[in-house]
1. Could you list, in sequence order, the residues of region 145-185 that are in contact with a Ser or Thr (Cβ under 7 Å, 6 or more places away or on another chain) and of a type outside the set (A, V, I, L, M, F, W, C)?
2. Given the residues Leu143, Leu93, Leu81, which is the only one that is in contact with a Lys or Arg (Cβ under 6 Å, 6 or more places away or on another chain), under 26 Å from Pro155 (Cα atoms), modelled with pLDDT of 90 or more and aliphatic (A, V, I, L, M)?
3. Of all residues in region 181-190 being modelled with pLDDT of 90 or more and of a type outside the set (Ser, Thr, Tyr), which is surrounded by the most Cβ atoms within 10 Å (Cβ to Cβ)?
4. So which residues in region 44-60 are within 23 Å of Glu114 (Cα to Cα) and either at pLDDT below 90 or in contact with an Asp or Glu (Cβ under 8 Å, 6 or more places away or on another chain) (or both)?
5. Output the number of the condition that Ser113 fails; it satisfies all remaining conditions of (1) modelled with pLDDT under 90; (2) within 21 Å of Ser202 (Cα to Cα).
6. Restricting to region 29-57, name every residue that is assigned to a helix (DSSP H, G or I) and either touching a helix residue (DSSP H, G or I) at 6+ places or on another chain (Cβ under 6 Å) or surrounded by 18 or more Cβ atoms within 10 Å (Cβ to Cβ) (or both).
7. Would you mind finding the one in Asp150, Asp194 that is exposed (fewer than 12 other Cβ atoms within 10 Å of the Cβ) and modelled with pLDDT of 90 or more?
8. Write out, first by first residue and then by second, each pair whose Cβ atoms fall under 6 Å of each other, whose residues are 6+ apart or on separate chains, and whose first residue, in region 23-52, is under 18 Å from Arg105 (Cα atoms) while the second is of a type in the set (S, T, N, Q) and buried (at least 18 other Cβ atoms within 10 Å of the Cβ).
Amino acid sequence: MSNSTGRDRRHARARAEIAESAARAFARKGFHGTSIDDLAREAGVAPSSLYRYFEGKKEIYEAVVDNIANVILAPFSDPLLSSLAFDQRLEWLVRRQLSIVEGHREFFITFASERASMEWELADEKNFAGAGYDRWVAAFRELLEEGVADGSLRPLDTWNIAYLVSGAVSATIFRWIRGRLPVPLQDYVPILLDMILTGIRSENPQ
């Protein structure tokens, strides 16, 4: 391994560790209420050390959102999916998505409460949250394409349906984190699946 490769890996590992600890700090105080000192304290480093890896608080927040997006997307690449029928794949993925959100509930609460102001503040910068959402929709679209190809679903516009599916899941998530749904997220899986599949399932599934 070359020295530069080793440095790059250490740099990437340090960024990942800072982003992981920053998620806890942002979950407690939100983006606006969290200072660089708070982030450094959570990471166990001096504030000046953060600037070796990030330009500032906004870039750290972006890394946190990107990390969570990667965690949410990871189940779509799980080898287990290839052994499941379409309905089973969809149910497994929806359950995994909701389980991940439950595990990061405090961060999602602050993210939801600050989303409007963050979009305004970062209007001139790249929409990192929107990019993550688009990747999520694309993953659902690929799943739907597989369902159409194997005859589980009737022919349909998979892009539009992917936005509808992801919209239904995200609406359920945001209602839950705001306390408007009184039971665990997993209890809503049968409702979501019934709503989604009733409209798109093939009349003669293979």
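The values are calculated or read from the model by the stated rules, or taken from the named source; none is laboratory data. The model shown is predicted, which means the values in this text are computed figures rather than measured ones. In this analysis, Cβ positions are derived from the backbone assuming ideal geometry, glycine residues included, and neighbour counts consider all displayed protein chains.
1. Of everything in region 145-185, those that are in contact with a Ser or Thr (Cβ under 7 Å, 6 or more places away or on another chain) and of a type outside the set (A, V, I, L, M, F, W, C) turn out to be Glu145, Gly151, Ser152, Arg154.
2. One residue alone meets the criteria, Leu81.
3. Here the residue is Val189.
4. Correct list: Lys58 only.
5. (2)
6. Once the filter is applied, which keeps residues that are assigned to a helix (DSSP H, G or I) and either touching a helix residue (DSSP H, G or I) at 6+ places or on another chain (Cβ under 6 Å) or surrounded by 18 or more Cβ atoms within 10 Å (Cβ to Cβ) (or both), region 29-57 yields Gly30, Phe31, Ile36, Asp37, Asp38, Leu39, Ala40, Glu42, Ala43, Pro47, Leu50, Lys57.
7. Criteria check complete, one pass: Asp194.
8. Ala25/Thr34; Phe26/Thr34; Ala27/Thr110; Gly30/Thr110
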